[in-house]
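> Let me begin by handing over the structure; questions about it come next.
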Amino acid sequence: MPINPDAAGYTAPPRVSSWDSKDCLLYAIGVGAGMTDPTGFELEFTTENSHGVTQKVLPTFPVVVPGGEGVYGAVGEFNRAMLVHGEQSIELHGPLPVSGTVSAVTTITGVYDKGSGALVATATVATDTATGSPLWTASRSVFVRGEGGFGGDRGPSAAVAVPERAADHVVRYATRPDQALIYRLSGDRNPLHSDPAFAAMGGFDRPILHGLCTFGFTGRALLHSLCGSEPERFASMSGRFSRPVFPGEELTISVWVQDPGTALFRTATPSGVVLDAGQFAFRA
């Protein structure tokens, strides 16, 4: 079954998802929290019972909370080994609780023909089932290699130019050789990130790191450099994945502060830029 461009506008049935303290801790470890200073810095994200420390949730945690049921089934059948994450954004509407339950509704907002592949864009609104208030909106796009050429709209451009000056903040994080094996325990069990044979089917000589793991590392850099490590000041974050990261590579996050409360960013490995078109909003 070929890609169905008419899937744009389809809304999947709501999906109710819950999480608890352990889920938040595991996610934090999966995106590198506590790696350089396990008994000091970031204890509020990596422990729940440290003396004088109240557990908090990393603002990018919602990316591992499932959205609407079966949304990609409306797009058609395709080889999941050819699917890579294209873009991701997260907008927080309120503080994230350490445990909670949301009803998440996902809509396909676009199916675009990029020639060499198809780009499928979705938006998910997650509502707190206890209060009826929205907690976050997450938008993403996935690129399905080899499924383009169906004659559809190419879609909007995500080009964002960073200033031609030195970055205001530069943060470097190492990733572990087993980083993908840790991160996958937060829910994304795609074998592209763990199985060498499956990765080879996708054209990679070894498993790659989850794009959303890189997103989480980058979110930590923004949280600490621009928000004083206070999650309630983290408003929104978006970026485009431009090349794969392999577990064990170092990430360099460069940040340019714009108007008060906004910044641009990009993340690179020694091989080049891996997350670009980065835009961030934060509260004073």
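Quick note: the coordinates plus some simple rules give every number you see, no bench work behind them. On a predicted model such as this, the values are computed, not experimentally measured, just so you know. All Cβ positions, even for glycine, are placed from backbone atoms using ideal geometry, and neighbour counts span all protein chains on display.
> What residue among R165, R233, R189 shows peak mean-square fluctuation when the chain is described by a Gaussian network model with Cα springs under 10 Å?
R165
> Translational D (Stokes-Einstein, µm²/s) of the range 62-136 at 37 °C and 0.692 mPa s when Rh comes from the Kirkwood sum over C-alpha pairs?
For the chosen part, D equals 233 µm²/s.
> Now for a different question. Restricting things to alpha carbons, find the Rg to Rh ratio for the chain using the Kirkwood radius for Rh.
Taking Rh as the inverse mean 1/r over Cα pairs, Rg/Rh reads 0.95.
> Right, another one. List C24, C227, C213 from most exposed to least, where exposure is judged by having the fewest other Cβ atoms within 10 Å.
Ordered from fewest to most neighbouring Cβ atoms within 10 Å, C24, C227, C213 come out as C227, C24, C213.
> Roughly what angle does helix 21-30 make with the longest principal axis of the chain, taking Cα atoms, 0 to 90 degrees, to the nearest 10?
Helix 21-30 sits roughly 80 degrees off the main axis of the chain.
> Counting Lys +1, Arg +1, Asp -1, Glu -1, what net charge surrounds A8 among other residues with beta carbon under 14 Å of its beta carbon?
With Lys, Arg at +1 and Asp, Glu at -1, the neighbours total -2.
> Give me a comma-separated list of calculated 3J(HN,Hα) values for the range 275-284, in order, Karplus coefficients 6.51, -1.76, 1.60 applied at θ = phi - 60°, integers in Hz, x for any Gly or Pro.
These are the phi-based 3J(HN,Hα) values: 9, 10, 6, x, 10, 9, 10, 9, 9, 5 Hz.
> Would you kindly derive the ³J(HN,Hα) couplings of the range 205-216 from the backbone phi angles with the Karplus curve 6.51 cos²θ - 1.76 cosθ + 1.60 (θ = phi - 60°), listing them in order in whole Hz, with x for Gly and Pro?
Result, ordered by residue: 7, 7, x, 9, 6, 4, x, 6, 6, 4, 4, x Hz.
> Starting from the amide H of T262, placed 1.01 Å from N in the peptide plane, find each other amide H under 5 Å away whose residue is 5 or more places distant or on another chain.
F282
> With +1 on each Lys and Arg Cβ and -1 on each Asp and Glu Cβ, and nothing else charged, work out how big the dipole of the chain is about its Cα centre, in Debye to the nearest 20.
In debye, rounded to 20, the chain gives about 280.
> Between D153 and M201, what's the calculated FRET efficiency when r is the beta-carbon distance and R0 is 35 Å? Round to 0.05.
Given R0 = 35 Å and the Cβ-Cβ separation, E is 0.75.
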